[in-house]
Amino acid sequence: MPTEIKVPSVGESIAEVEIGQWLKKPGDAVREGETLAVLESEKATVDLPSPGSGTLVSVLKTTGQVAAIGEVIAILDAAVPAGTTVAPAPAAPAPAAAPAVAPAADKVMPAAARVLAEAGLPASAATPTGPGGRILKEDALRAAKPAAPAAPAAPAAPAARPEVTEHPEEVVRMSRLRRTVASRLVQAKSEMALLTTFNEVDMSAVMNLRKEIQESFTARHGVKVGFMSFFVKAVVDALKLVPQLNAEIRGDDIVYKHYFDIGVAIGGGKGLVVPVLRNAERLSFAGIEKSIVEFATRAKEGKLMPAELEGGSFTISNGGVYGSLLSTPIVNPPQSGVLGMHTIQERPIALNGQVVIRPMMYIALTYDHRIVDGKEAVTFLKRVKEVIENPSRLLLEA
């Protein structure tokens, strides 16, 4: 019995998806739960599982086409045996060749015989055209006439030279996720009053602490302690001090959020995604690190769910993992701020009247100047710096 394969719901606010890629083609056998296709929404990429076992009979929406939630995009039939093929009809036997007709004996006319004798040719060299198969003088003359020299063979054409293109190009359609990210970034630039402020952080304390506890932390929790968990904790602490950066504008209102859902920007297989650490203030260091590792793994596999990317009250972006020394991150609307982390680089700094070499990181805060003033932005960034340079503040709440 045929089964309609429909686009499933992939998120509360998503009305349609784009067919990313069909992993099965008509005629293929499929098992229940096996991935048939990849669907791309504006927030995430999701797999389309088969509702049953059987044969994929037809595909109604091809790669790149848009389909609404609930729309039928393929037909599965459990009654059609998988892999059935129709044997080709046997080829008709070739007709027997007609038997060759033996030529009659040659009859050479006297004049023809004389020409052939002078040319030293046998009678068989002439083609008879006379009545009864007689070889006439004209036939003998044609046979005796020397053949025209063969025309010289035309020189071989030079091998075609491959066309040289000085500006090779490749056209690749933007994924729906990439188009959505691009649209939101342009929206942020055009609708927000964005401003960026910078500071630098001495990473010595965090690096020494990580080195001291890494072995026991990994043995206990099964995951390494990274820099991101320290920054998530520092950001939550700073947001409590500066609530404007944990707020958003809705119409003529400012909505202050009394929870801390921190988005962590991750480069996935399909582009930049920002999964959200829900209630980050309640998470331990191990809880943060485990969540980030899981997000990163599923982002590369394209298995993040749309609900995991929705919301978020503040975002952290770590360009340092790619070697970025300094950048100006863009706010993710409707949030009012984003913190940019960068690569750690040993640099000389002045400390207690002396020049010393320390592992330093530039940090950048881009904020919506409509609701965040410069004083508040600097206060936030300074607090992050203080907590990272003295992690004990997190424990002592100092």
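The values are calculated or read from the model by the stated rules, or taken from the named source; none is laboratory data. These figures come from a predicted structure and were not determined experimentally. As a convention, Cβ positions derive from the backbone with ideal geometry for all residues, glycine included, and neighbour counts pool all protein chains shown.
For every residue, the table says whether it meets (1) modelled with pLDDT of 75 or more; (2) under 30 Å from Glu32 (Cα atoms); (3) among the aliphatic types (A, V, I, L, M).
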{"site": "Leu60", "(1), (2), (3)": "yes, yes, yes"}
{"site": "Ala67", "(1), (2), (3)": "yes, yes, yes"}
{"site": "Pro81", "(1), (2), (3)": "no, yes, no"}
{"site": "Thr84", "(1), (2), (3)": "no, yes, no"}
{"site": "Pro90", "(1), (2), (3)": "no, no, no"}
{"site": "Ala98", "(1), (2), (3)": "no, no, yes"}
{"site": "Pro128", "(1), (2), (3)": "yes, no, no"}
Evaluate the stretch 316-326: report whether one residue or more is in a strand (DSSP E or B), among the hydroxyl-bearing types (Ser, Thr, Tyr), in the same structural domain as Leu277 (by TED's automatic domain parsing) and surrounded by 15 or more Cβ atoms within 10 Å (Cβ to Cβ).
-> yes
Here the residues within the stretch 227-286 that are without any contact (Cβ under 8 Å) to a residue 24 or more places away in the chain and either assigned to a strand (DSSP E or B) or not assigned by TED's automatic domain parsing to the domain that holds Gly302 (or both) are Asp253, Val255, Tyr256
Could you figure out which of (1) modelled with pLDDT of 95 or more; (2) hydrophobic (A, V, I, L, M, F, W, C); (3) touching a Phe, Trp or Tyr at 6+ places or on another chain (Cβ under 9 Å) isn't true of Ala219?
-> (3)
Subset of the stretch 38-67 [in contact with a Gly (Cβ under 9 Å, 6 or more places away or on another chain), farther than 28 Å from Gly263 by Cα and not in a loop (DSSP other than H, G, I, E, B)] = Pro49, Thr55, Leu56, Val57
Does Pro152 qualify as being at pLDDT below 80 and either assigned to a loop (DSSP other than H, G, I, E, B) or farther than 30 Å from Ile371 by Cα (or both)?
-> yes
Flagged in the stretch 8-20 as surrounded by fewer than 21 Cβ atoms within 10 Å (Cβ to Cβ), in contact with an Asp or Glu (Cβ under 9 Å, 6 or more places away or on another chain) and not hydroxyl-bearing (Ser, Thr, Tyr), in numbering order, are Gly11, Glu12, Ile14, Glu16
Cβ pairs under 6 Å, 6+ apart or interchain, first in the stretch 200-221 and touching a residue at least 12 places away in the same chain (Cβ under 8 Å), second in a helix (DSSP H, G or I) and hydroxyl-bearing (Ser, Thr, Tyr), ordered by first then second residue, are none
Quick one: which residue in Gly340, Gly311 is at positive phi and not in a helix (DSSP H, G or I)?
-> Gly311
Residue list for the stretch 341-381, restricted to those being among the charged types (D, E, K, R) and surrounded by 15 or more Cβ atoms within 10 Å (Cβ to Cβ) | Arg358, Asp368, Glu376
